[in-house]
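The values are calculated or read from the model by the stated rules, or taken from the named source; none is laboratory data. Because the structure is a prediction, the values reported are computed rather than measured. Here the Cβ positions follow ideal geometry from the backbone for every residue, glycine too, while neighbour counts run over all protein chains shown.
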Amino acid sequence: MASVGIWVKLSSVGPINQGFYRMLLTIIIMLPFTYKSLKGVRKRQVVLSLLAGLCLGADVLFWNLALMKTSVADCSLMVNLTVFIVSPISVFLFKEKLRKEFMLASVVAFIGVVMVIFSAATGDNGKSSIYGNILAMGASVAYSGYVLFVYKVRDELNNNAVVLISSLGAMIFLLVAMLPVEGLIIPANSREWLIIIAYAVCGQILGQGLVSMCLGKLNATLVTVISLTSIGISAIYAYIIFGESLLPMEIIGMIITIIGVFMAKQYS
């Protein structure tokens, strides 16, 4: 998941088209190997998975557009506010109990994320915009819906089926949004296709697939908190690929985030 922003930045294909291809390629790659997981799926499970897909499609739409308008740092901050949306909703919907220690761990992790993001946003590579930040906040809200719907259906439905059906829902959402805004853009060369394929594999098949699997084993809030570690990993990717160096405050923030995630695991 941490590499998603990198692939989006590398591609010259329109941001909504990128999201559409991500879902389309996911279905094409996975279907021959996982179609049997769709046998016996009930209507309620299909509906919940499609709703999860619609939320995922909105998340990808807002996230990709935000990356075109603001810095990766600001996008990461806004999207990782998901934990503060999922946590209170999980208490009411799933009757999950949040210990005080867990909430403290969430705060610690969030402080670390804020240090990483704002130190990057105020550095030489900072390029923030209010409009882009609002789009990224929209991605956070949408992804919260995805997490909650998947968590609701994951206990009773195979992980492969969840990924396939939710990818279909996301693809339909992105297709409807794409056609009037960007139209259908065909990647111009093999480099563009490789970027799109890598984006699909890393972001959807491996990324969302593993998130869905974790949601069947862990509570929704813990999975969201653990996802905060993608901030530090993204910073490492950016350094290796784009030569972006880490500021001292970023490194400290990464360490604080990891401590917060470890605490969350202990008290979840």
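Remarks
- In segment 100-128, residue surrounded by the most Cβ atoms within 10 Å (Cβ to Cβ) [restricted to those that are modelled with pLDDT of 75 or more, touching a Phe, Trp or Tyr at 6+ places or on another chain (Cβ under 9 Å) and farther than 10 Å from residue 264 by Cβ]: 110
- The residues in segment 1-31 that are over 22 Å from residue 180 (Cβ atoms) and modelled with pLDDT under 90 can be counted, and the count is 13.
- The set of residues in segment 154-205 that are among the polar types (S, T, N, Q) and buried (at least 18 other Cβ atoms within 10 Å of the Cβ) comprises 158, 159, 160, 166, 167, 204.
- Out of 77, 48, sole residue that is at pLDDT 90 or above, surrounded by 19 or more Cβ atoms within 10 Å (Cβ to Cβ) and either of a type in the set (Val, Ile, Thr) or assigned to a helix (DSSP H, G or I) (or both): 48
- Test: residue 265 is surrounded by fewer than 16 Cβ atoms within 10 Å (Cβ to Cβ), at pLDDT below 75, within 18 Å of residue 152 (Cα to Cα) and not small (Gly, Ala, Ser): no
- The set of residues in segment 172-197 being in contact with a Gly (Cβ under 7 Å, 6 or more places away or on another chain) and under 14 Å from residue 57 (Cβ atoms) consists of 173, 174.
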